Amino acid sequence: MSGPLLLEARDLRVDYPLPARGLQRAVGITALQQVSLTLADNQSLAVVGESGSGKSTLARALLRLLPLAAGQVLLRGEDLAILTAAELRQRRRDLQMIFQDPYASLDPAMTVAEILSQPLRVFAPQLTAAQRLDRCAAALQDVGLLPEHLQRHAHQFSGGQAQRIGIARALIAEPAVLVCDEPVSALDLPIRLQVLQLLAAQRAQRGLALLFIAHDLAAVRYLCERTLVLFAGRIMEQGPTATLFAHPRHPYTRTLLAASLRADPQAAQAAAAQRRALAPVVAEPAGQSGVEGCPWAPRCNLAQAQCWQQPPVLRQLGEVQVACHRAGETV
Amino acid sequence: MNSTTPPLLQVNALSVSPAGVQGGARVVDAVSLQVQRGRILGIAGESGCGKTQLLLALLGLSPRGARVQGQVLWQGQALPAQGAARLRGDRIAMVFQDPMTALNPYLTIATQLCEVWHRHRPGARAQANSRALEMLQAVGIDQPSRRLKQYPHQLSGGMRQRVMLAMALMCEPDLLLADEPTTSLDVTVQAQILDLLLQLRERLGMALIVVTHDMGVLAQLADEVLVMESGRVVEHGSTSQVFAVPQALATQRLLEAARRLDISAAPAAGGGT
Amino acid sequence: MNLGRSLPRWSLGILLGLVLAALIVPWLSPYSYYAPSWDEIDLGPHWHSGHLLGTDDLGRDLLVRLMWGLRISLLVAVCASLTSLLIGVLWGVTAGFIGGRVDAWLMRAVDVLYSLPFIPLVVVLTVLFGRDLVLLFIAIGAVSWLDIARIVRGQTRSLRERDFIVAARVGGMTDAQIMRRHVLPNLAGIIIVYLTLTIPSVILTEAFLGYLGLGAQAPLTSLGTLIADGASQMRARPRLLICPAVLLAVLVYCCNRLGDALRDRFDPASQSL
């Protein structure tokens with residue numbers, strides 16, 4: 001690991017309260033539990049999972065947009081929870097975010113110039129209006145757009161261009177960490193590739209640390225050195241991307257890999273065969289409901305009695321960490 | 001393949017000009033294609049290439065005021081606009097991109113499924129419910145009897161997409177048109193839907209036209225591939241042909257993106273230290 | 001997309017013309033709006049004497065009375081609307097954005113005020129403070145802000161969840177800054193539409209009060225009062241009804257037309273029907 005720890009999350013737990021129905025007590029859903037991760041300068045970490053896995057919740061929890069039920073988020077060693085509101089706002093300079101829907105994240109009533117100058121007003125108040133405008137023009141050119149686009153509104157751009165504006169806004173105050181919440185899912189494949197290339201270039205240029213959230217493993221492979229796999233709010237596997245993809249230890253990781261699309265008809269057939277091999281075999285043993293076991297068990301092709309009774313613990317296995325009772329066996 | 005049987009669907013020089021535009025700038029420009037019974041045709045192209053408008057034109061659903069020229073033949077017979085309405089939902093069905101907007105949020109699943117049935121099988125009203133149940137099972141929805149009474153917002157994205165498929169299959173169509181059927185879905189659900197479409201082709205002998213910007217989808221599903229750009233067909237061939245030796249620039253662009261983002265590709269510079 | 005559409009010239013022109021006329025005509029005309037002239041009762045439109053629209057049953061020039069009525073109506077409408085706008089928007093944005101307890105208290109207050117009967121309230125105020133034009137503004141403004149508060153609160157709540165608000169938070173802005181720079185401009189469209197609906201509605205409310213003897217005191221007159229007077233003499237002197245009614249209709253139409261165009265201008269992504 002190179003450099004000091006930039007961002008660290010320890011044992012995060014996020015609960016969503018559900019409104020009480022009638023006379024029942026209010027219960028909650030645990031969106032994330034026992035999630036820990038680290039990110040050093042210039043590193044990139046991918047967080048992969050389906051909808052409902054908690055990955056967007058994780059992004060928002062790291063940015064302190066959500067309250068934590070347990071755990072800590074540390075930015076350069078500083079616990080974000082003990083800061084005052086004003087101090088937290090200042091720290092946000094280092095922790096920026098880009099969003100999934102390129103249009104929704106841009107204020108429809110503002111011009112691009114106004115959108116880009118907002119972070120500068122907050123984080124660099126000493127700049128004059130003219131200086132701000134210069135920085136905005138430079139930021140646009142950095143992402144491959146033109147200064148004349150400054151006067152337009154968001155809806156006048158294509159999806160890919162709008163996402164670039166979002167990236168320009170996130171990077172204009174020169175943050176240390178960029179959290180990307182599924183930034184390319186809504187884009188066509190060729191545009192997706194362009195935006196990913198832009199992110200890779202920006203990262204190389206600025207020494208930026210990236211936290212990339214996705215359900216698409218392919219983009220992850222392109223951009224991130226390490227990957228964390230989330231399912232039902234828990235970490236299933238984490239480690240170097242290349243190792244994870246070549247030798248997945250967790251059945252869920254294998255399922256994700258088998259489900260990814262291949263750009264070659266024969267490879268696609270092979271992947272389809274693999275998916276059939278990974279189909280779940282065992283239905284839930286009778287009398288088990290209510291007991292908390294591994295969240296993947298209902299869809300797992302290797303589930304055993306133990307998997308239904310006890311949640312697995314995340315443990316180190318060579319280069320990776322896996323949470324699976326059967327991970328150690330040679331399959 | 002019996003060469004004297006006319007293809008299921010034959011399109012000759014179909015053109016669509018949007019309303020209010022005089023001359024030039026057609027969204028669909030002289031597109032010709034054919035689909036045989038039980039075959040899967042993939043149409044690839046980036047957003048704005050006209051692929052969705054092509055599908056809508058096939059069904060006679062072009063926006064009001066748009067000028068549609070050319071010929072659409074169904075089983076050898078020419079299809080006027082009124083004829084298309086009769087076939088819609090019955091012989092030809094369509095599945096849309098965004099399941100949330102394609103389903104009516106105020107009606108139960110059962111109501112929406114049965115609506116299609118009542119329209120085309122007015123004499124068999126009593127069987128609507130059992131048929132709906134059967135379709136939900138066929139598309140792999142668990143607890144189908146419970147789902148029938150639910151509303152779209154109570155289902156996940158993947159399940160809504162399956163419901164849309166079930167709706168399309170109610171009258172056992174000969175041809176299914178799918179417009180970006182898996183774009184907004186998780187990767188695991190996407191794989192399940194694609195596997196399901198292949199199974200349905202096996203079991204029902206259904207032909208399929210799939211429209212997408214992702215060549216990976218076509219690598220898995222399609223027998224033949226058509227590539228569109230700016231309303232025109234720029235490439236056409238069998239899947240293995242098009243993937244092995246892409247001729248048009250648009251095809252190469254789509255393929256390159258798909259290959260670079262394929263997880264079995266070598267890692268790009270900048271990712272994977 | 002009608003981005004380049006300029007403000008509707010006719011409506012704007014007519015409105016400006018009416019405002020101008022309301023200001024200038026009574027000043028130019030030799031006739032007063034309140035002094036009865038027993039020689040000139042019930043004259044028809046007469047170019048020579050300067051009674052362009054004739055006189056009413058007390059010999060007062062109709063045109064001058066119309067213009068005075070227009071003045072008062074516009075004054076009451078604009079003042080009351082702006083008052084209600086100011087209170088309502090601040091209330092609604094605060095409740096919608098902050099949410100939780102603050103929202104609950106603020107909106108319960110709105111519910112309570114809604115339940116207060118309007119007419120008895122105005123009667124009480126009139127008894128306490130006499131019949132005063134300013135009182136009229138306050139009374140009407142104090143009641144009509146409730147609607148806009150609810151609407152604005154609803155819009156704010158849905159805006160609050162949008163990504164660009166989250167992005168603003170991530171960008172280090174305080175709640176107050178976000179409300180001012182992001183929420184309010186995005187409410188501009190709905191505020192303008194609301195204004196153009198309120199103004200005619202206030203004019204009508206004022207007329208109603210005038211009819212009950214609670215509004216602008218005679219001989220001060222408003223469009224509504226003129227219509228009420230004209231209605232009572234409809235059989236004998238239809239002109240007294242038709243003129244103010246047509247004027248009111250034109251005024252209302254132009255307000256709506258202008259509001260439509262203004263909303264398009266402020267909300268560049270919207271299209272009018």
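What follows is calculated from the coordinates using simple rules that are stated; it is not laboratory data. These figures come from a predicted structure and were not determined experimentally. Glycine also receives a Cβ, built like all others from the backbone with ideal geometry; neighbour counts cover every protein chain displayed.
Using only helices, what value at 222 nm comes out for chain A when you add -39,500 (n - 2.57) per DSSP H run of length 4 or more and divide by the total residues, to the nearest 500 deg cm²/dmol?
For chain A, the value works out to -10000 deg cm²/dmol.
For peptide A:233-244, the mean count of partner chain Cβ atoms within 10 Å of a residue's Cβ comes to 1. Take each residue of peptide A:216-223, count the partner chain Cβ atoms within 10 Å of its Cβ, and average: the result is 6. Phi angles across region B:165-177 convert, under the Karplus curve 6.51 cos²θ - 1.76 cosθ + 1.60 with θ = phi - 60°, into 3J(HN,Hα) values of 4, 4, 4, 5, 8, 3, 9, 6, x, 7, 9, 10, 9 Hz, Gly and Pro given as x. Compactness ratio for region A:176-331: Cα radius of gyration over 2.2 N^0.38 Å (N = residue count) comes to 1.16. Semi-axes of the equivalent ellipsoid for chain A, computed as √(5λ) from the eigenvalues of its C-alpha gyration tensor and ordered from largest down, come to 37, 24, 19 Å. Put simply, the amide H of B:I43, placed in the peptide plane, has neighbours under 5 Å in B:V210, B:V211, B:T212, B:L226, leaving out anything fewer than 5 places away on its chain.
Relative to the longest principal axis of the Cα atoms of chain C, helix C:184-211 runs at roughly 30 degrees. Label-to-label distance for C:S232 and B:L198 is 8.6 nm, based on points extended 7 Å past Cα in the beta-carbon direction.
Sorting A:243-251, C:9-17, A:70-78 by their mean Cβ neighbour count within 10 Å, with the most densely packed peptide first, gives A:243-251, A:70-78, C:9-17. Shown in residue order for region C:219-229 are the 3J(HN,Hα) couplings computed by the Karplus curve 6.51 cos²θ - 1.76 cosθ + 1.60 at θ = phi - 60°: x, 4, 9, 10, 4, x, 5, 4, 5, 4, 4 Hz (x for Gly and Pro). The coefficient of translational diffusion for chain C, derived via Stokes-Einstein from the alpha carbon Kirkwood radius under 20 °C and 1.002 mPa s, stands at 103 µm²/s.
Within the protein assembly as shown, all pairs of alpha-carbon atoms sorted by distance into 10 Å bins from zero give the percentages 2, 10, 16, 19, 18, 14, 10, 6, 3, 1, 0, 0. Each of B:G50, B:Q112, B:Q154 was scored by the projection of its Cα onto the charge dipole of region B:36-158, and the greatest displacement toward the positive side belongs to B:Q112; charges sit on the C-beta of Lys, Arg, Asp and Glu. Between the beta carbons of A:L83 and C:V112, assuming R0 = 41 Å, the FRET efficiency works out to 0.55 to the nearest 0.05.
Order these peptides, A:162-174, B:36-48, B:8-20, by their mean beta-carbon neighbour count within 10 angstrom, highest first. The partial results should precede the final answer.
Values: A:162-174: 24.1, B:36-48: 20.9, B:8-20: 17.2.
Taking the mean over residues of other Cβ atoms within 10 Å, the ranking is A:162-174, B:36-48, B:8-20.
Here the convex hull built on the C-alpha positions of region C:78-223 has a volume of 106 cubic angstrom per residue. Each part gets one Cα centre, and for region A:182-232 versus region C:233-250 those centres are 70 Å apart. A cut-off of 5 Å between modelled amide H atoms, ignoring neighbours fewer than 5 places along the same chain, links B:V28 with B:V16. Less than 5 angstrom separates the built amide H of A:S44 from those of A:L210, A:E225, A:R226, all sequence-distant by 5 or more or on a different chain.
A simple packing score, the average count of other Cβ atoms within 10 Å per residue, orders the peptides B:105-112, A:185-192, C:221-228, B:168-175 as C:221-228, A:185-192, B:168-175, B:105-112, with the highest score first. Here the 3J(HN,Hα) profile of region C:17-30, calculated from phi with Karplus coefficients 6.51, -1.76 and 1.60 at θ = phi - 60°, is x, 5, 4, 4, 4, 4, 7, 8, 4, x, 6, 6, 6, x Hz, Gly and Pro shown as x. With a simple spin-label model that places each label point 7 Å from the Cα along the Cα-to-Cβ direction, the separation between A:L317 and C:W105 comes to 5.6 nm. Beta-bridge orientation, the protein assembly as shown: approximately 55 percent antiparallel, per DSSP, counting only bridges with both partners inside. Peptide B:216-226 shows a mean partner chain C-beta count of 4 within 10 Å per residue C-beta.
Each label point was placed 7 Å from the Cα along the Cα-to-Cβ direction; for A:L74 and A:A138 their separation is 3.4 nm.
The stretch between C:R9 and C:S49 holds 11.1 nm of extra length on full extension. This uses 0.36 nm per residue minus the Cα-Cα distance.
Please report the spacing between the Cα centers of region B:159-224 and region A:48-120 in Å, no decimals. One Cα centre to the other: 37 Å. Reducing region C:166-197 and region A:247-281 to their Cα centroids gives an inter-centroid distance of 47 Å. What would the Debye formula give as log10 I(q)/I(0) at q = 0.12, 0.14 Å⁻¹ for the alpha-carbon point model of region B:26-176, no solvent? For region B:26-176 at q = 0.12, 0.14 Å⁻¹, log10 I(q)/I(0) is -0.57, -0.77. In terms of overall dimensions, region A:160-223 has a Cα radius of gyration and Dmax of 10.9, 29 angstrom.
For C:V64, B:V35, the sequence from fewest to most other C-beta atoms within 10 Å is B:V35, C:V64. Within chain A, helices built from complete DSSP H runs that reach 15 Å or longer along their own axis (Cα positions) and carry a mean Kyte-Doolittle hydropathy of 0.0 or higher are A:112-123, A:159-171, A:189-206. For chain C, the mean residue ellipticity at 222 nm estimated from helices alone is -24000 deg cm²/dmol, where every DSSP H run of n ≥ 4 contributes -39500 (n - 2.57) and the total is divided by all residues, rounded to the nearest 500.
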